[in-house]
Amino acid sequence: MLPNANLSYLGLFKPHSTVSCVASSVASILLLLCSSVQAAEPLPSTFQTDDPKSSSRLLGYNEHRTDLPGGRHANVRTNRAVVVQVDGQRRRPIGSELIDDPALTGKTDAWTQFAGWSPDGKTAIVLRGWESVENARWEEENKTFRFTPEGWLVDSYLIDLQTNKATNVTAVDRVSFYNTGLFFWPKDPMRLGFTPLIDGNSKPFRMDIDGRNKTDLTTSSSGFAYGFSSSPDGSRISYHENYQVYLANADGSNRIHIQTGHPFVFAPSWSPDGRWVLFVSGEHYDCHPHIVQADGTGLKKLADRGGYKGVTEFLDVTDFHGGSSDIPVWAVDGKSVFYTAKLGDNVELFQVSLDGQTKQLTHTPDGTLHYHAKPSPDGKWIAYGSKRNGVRNLFVMRLADRQEHALTDLPEGFAAMHAYWQP
């Protein structure tokens with residue numbers, strides 16, 4: 001998968017130039033009222049939720065190989081964007097035509113990566129990634145990323161689920177060969193946000209839905225900025241630059257630096273009501289969920305991750321970059337946060353309220369590792385990844401009774417990651 005494709009995607013990086021990009025070892029970034037989680041089992045075909053329409057709701061996610069020889073690129077190039085119903089039925093890849101069509105960009109042997117939805121749930125955001133074999137070999141030998149126009153091409157597409165039409169909005173009036181982090185601007189469905197890599201720096205941009213009028217929102221800054229998102233009303237933005245979090249108006253003005261006193265501050269996200277901003281703060285590989293109010297005041301640590309580095313390995317072969325960031329996420333009512341933390345030999349899933357009351361949601365056998373939690377739009381369910389018996393699959397849990405079911409059932413050597421609920 002693509003570095004910096006999304007905060008929770010498979011590794012984040014800080015390139016020092018377009019000639020030689022040095023990857024950072026991303027730490028903690030991309031609950032104790034305990035009741036036992038029942039052993040996971042495949043979802044039956046008769047599975048129903050409280051809402052009769054919910055069982056046909058889609059989740060987008062990614063599948064890839066984990067054990068192919070050759071290192072990172074040999075496995076990443078197998079990644080495919082997939083959608084499936086929440087009842088586990090009607091799984092299908094999307095964007096398959098983007099993989100080996102030279103008419104698109106002149107590049108074949110690409111991969112796809114699911115990255116989000118439109119607000120109405122009719123359009124999927126899918127990344128198409130390509131890296132040359134020569135560049136991948138150099139990266140494996142030097143154990144660092146090297147981002148050049150000759151070695152990489154990453155674009156963000158909008159795919160209409162009904163017609164399967166794919167539109168490459170980042171190629172219109174192109175500003176970069178590496179374009180990730182695409183999202184629909186809240187309260188303004190005719191605008192998009194995204195994060196291109198320009199002259200070695202990642203920059204928050206805004207554009208029209210047709211890909212035109214691309215605008216840099218940090219023209220006064222030369223730092224490496226990513227983790228870009230907008231507040232629910234679309235009036236403000238957040239991002240981190242050089243591992244420090246900033247808030248600003250939607251046009252980039254009135255920038256505020258969130259002062260935590262820590263060297264590593266990462267992955268900001270707005271609460272659903274726009275009153276708070278969530279992020280991790282601390283040391284590299286030792287940072288924890290924090291919140292501040294929307295004006296940058298009221299800093300508060302919500303929970304401790306118990307020694308969890310905040311990175312989940314997504315390959316079973318050596319990965320020179322070291323895994324995928326695993327960050328806390330908001331509950332849909334904005335009153336609590338889901339996060340993962342180390343407990344013994346496990347990484348378990350927790351929920352913490354804004355006043356610091358914590359619940360442990362999963363109780364799994366020794367060696368189980370949970371990652372990438374995502375609550376459903378109605379707040380009744382949560383999807384997450386879990387590595388059990390050496391295999392990474394996706395699970396869904398009904399929060400009311402902690403009933404858990406497997407969403408995917410991949411065999412050894414494969415992985416399912418990064419679930420996105422259809423709105």
Counting only residues that are of a type outside the set (A, V, I, L, M), buried (at least 19 other Cβ atoms within 10 Å of the Cβ) and more than 22 Å from Asp333 (Cα to Cα), the stretch 388-404 contains a total of 2
**Message:** I'd like to check something: does the stretch 57-69 contain any residue that is at pLDDT 95 or above, over 23 Å from the mean Cα position of the chain (by Cα) and aliphatic (A, V, I, L, M)?
**Reply:** yes
**Message:** Tell me whether the stretch 91-100 contains one or more residues that are over 24 Å from Leu394 (Cα atoms), touching a Phe, Trp or Tyr at 6+ places or on another chain (Cβ under 8 Å) and at pLDDT 95 or above.
**Reply:** no
Just one listed residue, out of Thr408, Thr340, is polar (S, T, N, Q), touching a His at 6+ places or on another chain (Cβ under 6 Å) and buried (at least 21 other Cβ atoms within 10 Å of the Cβ), and it is Thr340
Requested in this report: Kindly indicate whether Val126 is in a strand (DSSP E or B), farther than 20 Å from Ala419 by Cα and either modelled with pLDDT of 95 or more or not β-branched (Val, Ile, Thr) (or both).
Outcome: no
From the option list Gly70, Gly88, single residue qualifying as in a loop (DSSP other than H, G, I, E, B), out of contact with any helix residue (DSSP H, G or I) (no Cβ under 9 Å at 6 or more places or on another chain) and either surrounded by 20 or more Cβ atoms within 10 Å (Cβ to Cβ) or small (Gly, Ala, Ser) (or both) is Gly88
Reported set for the stretch 249-275 where residues are within 20 Å of the chain's Cα centre (by Cα) and either among the basic types (Lys, Arg) or part of a strand (DSSP E or B) (or both) is Phe264, Val265, Phe266, Ala267, Pro268, Ser269, Trp270
Criterion first (farther than 29 Å from Arg77 by Cα, in a loop (DSSP other than H, G, I, E, B) and among the polar types (S, T, N, Q)) does Thr362 satisfy it?
yes
- Query: Can you find a residue in the stretch 24-38 that is modelled with pLDDT of 50 or more, over 19 Å from Arg392 (Cα atoms), surrounded by 14 or more Cβ atoms within 10 Å (Cβ to Cβ) and not β-branched (Val, Ile, Thr)?
  - Reply: no
The condition of being within 18 Å of Tyr239 (Cβ to Cβ) and within 23 Å of the chain's Cα centre (by Cα) holds, among Met190, Met207, only for Met207
Among strands (runs of 3 or more DSSP E) completely within the stretch 129-248, the ones holding 2 or more residues that are crowded, with 21+ Cβ neighbours inside 10 Å and not hydroxyl-bearing (Ser, Thr, Tyr) are 152-160, 179-184, 191-198, 205-208, 225-230, 236-241
Listed by first then second residue, the pairs whose first member lies in the stretch 205-219 and is under 16 Å from Val169 (Cα atoms), whose partner is outside any loop (DSSP other than H, G, I, E, B) and among the polar types (S, T, N, Q), with beta carbons under 6 Å and at least 6 positions apart or on separate chains, are Arg206/Thr215
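The values are calculated or read from the model by the stated rules, or taken from the named source; none is laboratory data. Because the structure is predicted, anything quoted here is derived from the model rather than measured. All Cβ positions, glycine included, derive from the backbone under ideal geometry; neighbour counts span all protein chains shown.
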